[in-house]
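Student: Encoded as structure tokens, here's the structure I'll be asking about.
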Amino acid sequence: MLGRRHAQRVDLGGGIAGPALAYWLGRAGFRPTVVEVASGPRTGGGAVDFRGAHLTVLERMGVLDELREVQTGGSPMRFVDAQDRRLMELPADFAGGELEVLRGDLGRILYEHSAPWAAYRFDDSVTALAQTPDGVEVGFASGERAVFDLVVGADGVRSAVRRLAWGPHERYLRHQGYYVATWAVPGFPGLGRTSLLYNEPGRMASVGGDHRDRARAAPSWPSRHPSWTTTAVTRPGSAS
């Protein structure tokens, strides 16, 4: 339970979950601290889709109108065969939901709305945790130490907070057998905003244009190397 003696917490990770939680804690009267290893808000990533109840949450956070200003509008997804013949197509509203924005835009807006309440520590990371009668003593890569009421790990699949609190990643991560990569590429003539997808047993590749006249490629294939990707997280103490 989050006490109000220190009225503060540390939230490792300045991506999406960290700033979103910092916003709500700030509104509740706490003084959250967000620790991010990068030098500033992260700007990369693909598209994020919102549907139904998601929009209610965004409206209550006061960010819905801003996100609508930067929405992509979604992109139709066209599945083709090896000869580029169309097999099927999903419309943009199905693929992109009721609202689709780029992850970088979402992160930036959440950062801006949480900044009035949250202290952001960029270029830093958590390196040590110790439970004390007064709270959790946190050691930072910068050499500083501070005591917080609660530590929340919002730092991705290979969470440093989880590792410091409960042990090595291997206890909680299960390799699912696929490796996925995505990157921006020059625009494809005639592609527009359509996403093309081609797959065959064991392999898939896609390329899609966006509303900023850029293209993004995303191949995926099975991998037997357990360190390449781990996509499932189990609860600490879970046997699965």
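The values are calculated or read from the model by the stated rules, or taken from the named source; none is laboratory data. Just so we're clear, the structure is a prediction, and the values are computed from it rather than from any experiment. FYI the Cβ positions are ideal-geometry reconstructions off the backbone, even for glycines, and counts take in every protein chain you see. Surface areas here come from the heavy atoms of the whole protein model, side chains and all, with no ligands, DNA or RNA. Shrake-Rupley method; radii C 1.70, N 1.55, O 1.52, S 1.80 Å.
Student: For region 148-170, name all the residues that are touching a residue at least 12 places away in the same chain (Cβ under 8 Å) and open to solvent by 50 Å² or more (accessible area, probe 1.4 Å).
Tutor: Within region 148-170, LEU150, GLY156, VAL157, ARG158, LEU164, ALA165, TRP166 meet the criteria.
Student: Before we move on, is LEU129 in contact with a Lys or Arg (Cβ under 8 Å, 6 or more places away or on another chain) and among the aliphatic types (A, V, I, L, M)? If you could, list the steps in order and put the result at the bottom.
Tutor: Working: in contact with a Lys or Arg (Cβ under 8 Å, 6 or more places away or on another chain): no; among the aliphatic types (A, V, I, L, M): yes.
Here the answer is no, as LEU129 does not meet what is asked.
Student: Another one. Please indicate, with yes or no, whether at least one residue in region 46-62 is within 18 Å of the chain's Cα centre (by Cα) and touching a residue at least 60 places away in the same chain (Cβ under 8 Å).
Tutor: Within region 46-62 (the criterion being within 18 Å of the chain's Cα centre (by Cα) and touching a residue at least 60 places away in the same chain (Cβ under 8 Å)), the answer is yes, since at least one residue qualifies.
Student: Oh, and also: Cβ-Cβ under 6 Å, sequence separation 6+ or interchain: first residue in region 102-131 and touching a residue at least 12 places away in the same chain (Cβ under 8 Å) and more than 27 Å from ALA165 (Cβ to Cβ), partner open to solvent by 10 Å² or more (accessible area, probe 1.4 Å) and in a helix (DSSP H, G or I). Which pairs?
Tutor: ILE109/GLU66; HIS113/TYR23
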